[in-house]
Amino acid sequence: MKTLDEVLRIPNERLTLKQQAIDRLRQAILESRFAPGERLVERTLGDAMGVSRTAVREALCHLEAEGLVESGPRGPRVAQVTADDARAIYDAREVLEAAACRWFAERATKAQLTQLDEAADALDVAFATGDMHDILTCTRNFYHVLLEGAGNPVVESMLFGLQAKVSHLRALSMSGTARRPQSMQEIRSIVSALRKRDAERAATMSIRHVRSARDTALRHFSDRIQPPGGSK
């Protein structure tokens, strides 16, 4: 697995330093390299990426507009997720991902169906290894293929805007090994329906998957606020 510095390091490319800084920071946040609420210190990030604090500051402003970064009393930090945020995000995911499944069933090419199969296989391998970084990366790849095949850039953009918070919630819901086989089974059911071009069943399986993930993630929020010695 790459270190954080390796993820952040900017190669010598034609993209502007600002765009490279945005891309590297976005990638690091989406891969949960920073914890929700963690401070993003300009000097530290600039040293890690090999760019000026000005480039870092501009990148942070851009990512704040995307919803990945928020301003805190001590400066910029990774956007945090509350239980209320989680409920709202899962409500949005339920509607948008079900719609994406319907469109994928109707519009996806044979090549995209094959890519979706391959993405699901890669996720299965990641679950088997138990590496959370690989699990999150493979999950994002699966949804990237799904959304690309759905052919609706507006929905794709809306879900992309949720990615930082969704990644945090996925890390919560996948933190226990018990959820992983169930999640994989749900994803296989979605893929099976999509192979058959059964749009409604794919949407139904997608809703079931999102609701199951929601219930698991919300239990983690509940556990966090449980008073010491309290019943569960």
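In nm, to one decimal, how far is the modelled label at residue 5 from the one at residue 53, with both set 7 Å along Cα→Cβ?
2.1
For region 112-190, what class follows from the C-alpha gyration tensor (a ≥ b ≥ c being the square roots of its eigenvalues): rounded when a/c is under 1.5, otherwise prolate if a/b is larger than b/c, else oblate?
oblate
For region 46-199, what % of the accessible area comes from carbon and sulfur atoms, probe 1.4 Å?
Looking at region 46-199 in its full context, I get 53 percent from C and S.
Might you report the magnitude of the Cβ-based charge dipole of the chain about its Cα centre, with Lys and Arg at +1 and Asp and Glu at -1, to the nearest 20 debye?
Charge dipole, the chain, about its Cα centre: 280 debye, nearest 20.
Using a Gaussian network model on the chain with a 10 Å cutoff between Cα atoms, which of 147, 169, 218 fluctuates the most?
218
Compute the distance in nm between two label points, each set 7 Å from the Cα along the Cα-to-Cβ direction, one at residue 43 and one at residue 157.
Between residue 43 and residue 157, the simple spin-label model gives 3.9 nm.
Tell me the relative contact order for the chain as a rounded percent, counting alpha carbon contacts under 8 Å between residues six or more apart.
22
Just the number please: accessible area per residue for the chain, 1.4 Å probe, all protein chains included, in Å².
Accessible area per residue, the chain: 51 Å².
For the pair residue 195 and residue 121, how long in nm is the line joining their label points, each one 7 Å along Cα→Cβ?
With each label placed 7 Å out from Cα toward Cβ, I get 1.1 nm.
What's the local net charge at residue 22, with K and R +1, D and E -1, over the other residues with C-beta under 12 Å away?
So the environment of residue 22 carries a net charge of 0.
If r is the Cβ-Cβ distance from residue 204 to residue 82 and R0 is 22 Å, what FRET efficiency results, to the nearest 0.05?
0.15
Work out how much length residue 27 to residue 219 would gain on full extension: take 0.36 nm times their residue separation and subtract the Cα-Cα distance, in nm to one decimal.
Computed gain between residue 27 and residue 219 is 66.4 nm.
Return, ordered by residue number, the residues of region 96-124 whose backbone nitrogen is under 16 Å from a label point located 7 Å along Cα→Cβ of residue 188.
Within reach of a label on residue 188, which here means backbone N under 16 Å from a point 7 Å along Cα→Cβ, region 96-124 contributes 117-124.
For region 64-119 and region 129-168, what is the separation of their C-alpha centers, rounded to whole Å?
Using only Cα atoms, the two centres lie 6 Å from each other.
The values are calculated or read from the model by the stated rules, or taken from the named source; none is laboratory data. Model, not experiment: these values are computed from the prediction. As a convention, Cβ positions derive from the backbone with ideal geometry for all residues, glycine included, and neighbour counts pool all protein chains shown. Protein only, heavy atoms only, side chains kept; ligands, DNA and RNA dropped before computing areas. Shrake-Rupley method; radii C 1.70, N 1.55, O 1.52, S 1.80 Å.
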